[in-house]
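Structure record follows, encoded as structure tokens.
The values are calculated or read from the model by the stated rules, or taken from the named source; none is laboratory data. Values in this document were obtained by computation on a predicted structure and should not be read as measured data. Cβ atoms come from the backbone with ideal geometry, glycine included; neighbour counts cover every protein chain shown.
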Amino acid sequence: MKKYWLVGNWKMHGSLASNATLLNAIRERQPALSPYVDMVLCPAFPYIAQMASLVEGTGIQLGAQNASDHLQGAYTGETSPRMLKELGCGYVIIGHSERRIYQGENDGLMGRKALAAIDAGLIPIICVGETAEERDKSRTHEVLARQLDAAFGYIRTAHDQVIIAYEPIWAIGTGIAATPEIVQTEHAFLRSRVAQRDPSFAARMPIIYGGSVKPGNAASLFSMPDVDGGLIGSAALNAEDFVAIYQSLV
Ligand code: PEP
């Protein structure tokens with residue numbers, strides 16, 4: 001059976017109390033996880049340790065929303081991927097468009113962060129995606145290729161493991177998801193681009209979709225052959241919606 005990943009990005013939301021409530025609500029609705037669908041929750045940094053203890057023994061995995069491109073050193077305010085690994089993370093989101101837009105992160109930094117994450121033993125979830133303007137100007141493939149190539153300049157396909165998240169910026173938090181046909185086209189493009197470097201790596205590389213995934217559109221998006229799961233923002237903050245999306249994969 002095909003394997004899927006469902007990643008919840010909690011962004012800068014939550015509190016000690018609301019995190020526990022949300023996790024309990026998810027667990028009540030989905031007490032046992034499928035061996036074919038990995039559920040990964042990405043809380044804000046201060047809550048990683050809290051969540052690590054809450055998810056222990058549940059099968060739910062933990063991810064972070066960002067990490068430094070260094071493993072340690074004089075980088076005030078940064079968080080090492082090695083620290084995240086020590087606290088129980090298995091994954092880290094790299095290059096989310098909100099970090100590119102608000103923190104000025106660029107393609108090169110994304111590649112270095114992906115490499116540092118891998119070196120710390122984490123699986124980077126590398127976000128790529130075009131703006132509405134880039135799509136309108138038929139520049140989507142140029143942009144995706146540039147972002148992907150920057151990351152793959154650092155990734156050693158012989159042994160590294162990564163997840164690519166296709167997140168068109170015009171679909172994030174807007175309520176307007178890409179159509180299943182657009183998602184399939186872009187995922188197939190991303191896979192073919194990586195196949196030029198390493199066909200067997202590309203064939204097994206998970207590509208997940210993010211951008212206004214909701215219970216009502218999840219099944220059709222996830223039915224596309226090159227879609228290996230989802231990166232969920234706003235719907236991940238609602239247990240009923242998040243579990244309904246999970247169940248569309250099971
Ligand atoms: C995201 O921010 O990664 C995301 C996919 O958000 P939303 O689901 O709210 O569009």
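Residues that are polar (S, T, N, Q), buried (at least 16 other Cβ atoms within 10 Å of the Cβ) and assigned to a helix (DSSP H, G or I) are absent from segment 220-233 altogether.
The residues of segment 1-56 that are assigned to a loop (DSSP other than H, G, I, E, B), of a type outside the set (D, E, K, R) and in contact with a Gly (Cβ under 8 Å, 6 or more places away or on another chain), listed by number, are Ala32, Leu33, Pro43, Ala44.
When segment 230-250 is filtered for residues that are within 12 Å of the ligand (Cβ to nearest atom) and touching a residue at least 12 places away in the same chain (Cβ under 8 Å), the ones remaining, listed by number, are Gly230, Leu231, Ile232, Gly233, Ser234, Ala235, Ala236, Leu237, Asp241, Phe242, Ile245.
Among the criteria (1) within 30 Å of Val243 (Cβ to Cβ); (2) out of contact with any helix residue (DSSP H, G or I) (no Cβ under 7 Å at 6 or more places or on another chain), the one Cys89 does not fulfil is (2).
Of everything in segment 80-136 that's among the hydroxyl-bearing types (Ser, Thr, Tyr) and crowded, with 17+ Cβ neighbours inside 10 Å, which residue is nearest to Gln50 (Cα to Cα)? Among those residues, the one meeting the criterion is Tyr91.
Tell me, which residue of segment 155-179 that is within 10 Å of the ligand (Cβ to nearest atom) and in a loop (DSSP other than H, G, I, E, B) is nearest to Arg135 (Cα to Cα)? Filtering segment 155-179 for residues that are within 10 Å of the ligand (Cβ to nearest atom) and in a loop (DSSP other than H, G, I, E, B), the one nearest to Arg135 (Cα to Cα) comes out as Pro168. Cβ contacts < 7 Å: first residue free of Cβ contacts under 8 Å to residues at least 12 places away in the same chain, restricted to segment 130-152; second residue hydroxyl-bearing (Ser, Thr, Tyr), any location; separation 6+ or different chain. Result? Going by the 7 Å Cβ cut-off, the qualifying pairs are Glu134/Thr140. Within segment 137-153, the set of residues being crowded, with 19+ Cβ neighbours inside 10 Å and within 30 Å of Leu87 (Cα to Cα) comprises Gln147, Leu148, Ala150, Ala151, Phe152. I'd like to check something: does segment 58-77 contain any residue that is among the hydrophobic types (A, V, I, L, M, F, W, C), over 30 Å from Arg29 (Cβ atoms) and surrounded by fewer than 21 Cβ atoms within 10 Å (Cβ to Cβ)? Within segment 58-77, one or more residues are among the hydrophobic types (A, V, I, L, M, F, W, C), over 30 Å from Arg29 (Cβ atoms) and surrounded by fewer than 21 Cβ atoms within 10 Å (Cβ to Cβ).
Counting only residues that are of a type in the set (D, E, K, R), within 22 Å of Pro124 (Cβ to Cβ) and within 16 Å of the ligand (Cβ to nearest atom), segment 180-228 holds 2 of them.
Please verify whether Cys89 is at pLDDT 95 or above and farther than 20 Å from Ala178 by Cα, treating the condition exactly as stated. When the stated conditions are applied, Cys89 passes them. Where strands (runs of 3 or more DSSP E) fall wholly inside segment 57-145, the ranges with 3 or more residues that are within 16 Å of the ligand (Cβ to nearest atom) are 91-94, 123-128.
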